[in-house]
Amino acid sequence: MKSFRHSFCDPFKPEIIELGDVGSQEIIKRFEQLPWDDIISKMAKVDDSEIYFSPSLEFTDKITKHGLSISGVGTTSLEEFYVFYQRPKQVKKLFGLLRYTDSEFTTDVTGQTKEDAIEALQALIDGNYEFLDSKIK
């Protein structure tokens, strides 16, 4: 069983909350149990100055360093998810003459449903990085 580091960005707290390690079999359950709609509804009732983040869960494979951060977005209730995919990747620089490894290369996709987010989490759990590369550009 793979082990993942995970954290939560609470919109009402200025610091990211590290939640420690989680096994792969718990990831989707943790995502589904988060009261996304309640959090966003509560955000709609406070001044913007009281909000630090969108509610976000992050999971990172401790060995491969591939990870997903999923943020719930909406004005008064959950409307969509943004999914960010972070991984080490070879990138080119100076007109392609130099290559280096960006250890935190990140791409994102917006307009995702709960089912889309779960599909991305399952791909992370399964190590299906080709799927994540093609979906989250």
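The values are calculated or read from the model by the stated rules, or taken from the named source; none is laboratory data. What you are looking at is a predicted structure, and each value in this text was computed from that prediction instead of being measured. So basically every Cβ, Gly included, is an ideal-geometry build from the backbone, and we count neighbours across all protein chains shown. Areas reflect the complete protein model, heavy atoms only, side chains present, ligands, DNA and RNA absent. Shrake-Rupley method; radii C 1.70, N 1.55, O 1.52, S 1.80 Å.
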Failed item, numbered, when THR60 is tested on (1) part of a strand (DSSP E or B); (2) open to solvent by 90 Å² or more (accessible area, probe 1.4 Å); (3) in contact (Cβ under 8 Å) with a residue 24 or more places away in the chain: (2)
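So that you can scan it fast, the table gives a plain yes or no per residue for (1) within 25 Å of SER24 (Cα to Cα); (2) in contact with a Lys or Arg (Cβ under 6 Å, 6 or more places away or on another chain):
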position	(1), (2)
THR76	no, no
GLU80	yes, no
GLN90	no, yes
LYS93	no, no
LEU97	no, no
ASP108	yes, no
GLN112	yes, no
GLU115	yes, no
ILE118	yes, no
Subset of region 1-24 that is among the polar types (S, T, N, Q) and open to solvent by 20 Å² or more (accessible area, probe 1.4 Å) - its residue that is modelled with the lowest pLDDT: SER3
Qualifying residue in region 112-125 (condition: farther than 29 Å from ASP37 by Cα and open to solvent by 70 Å² or more (accessible area, probe 1.4 Å)): no
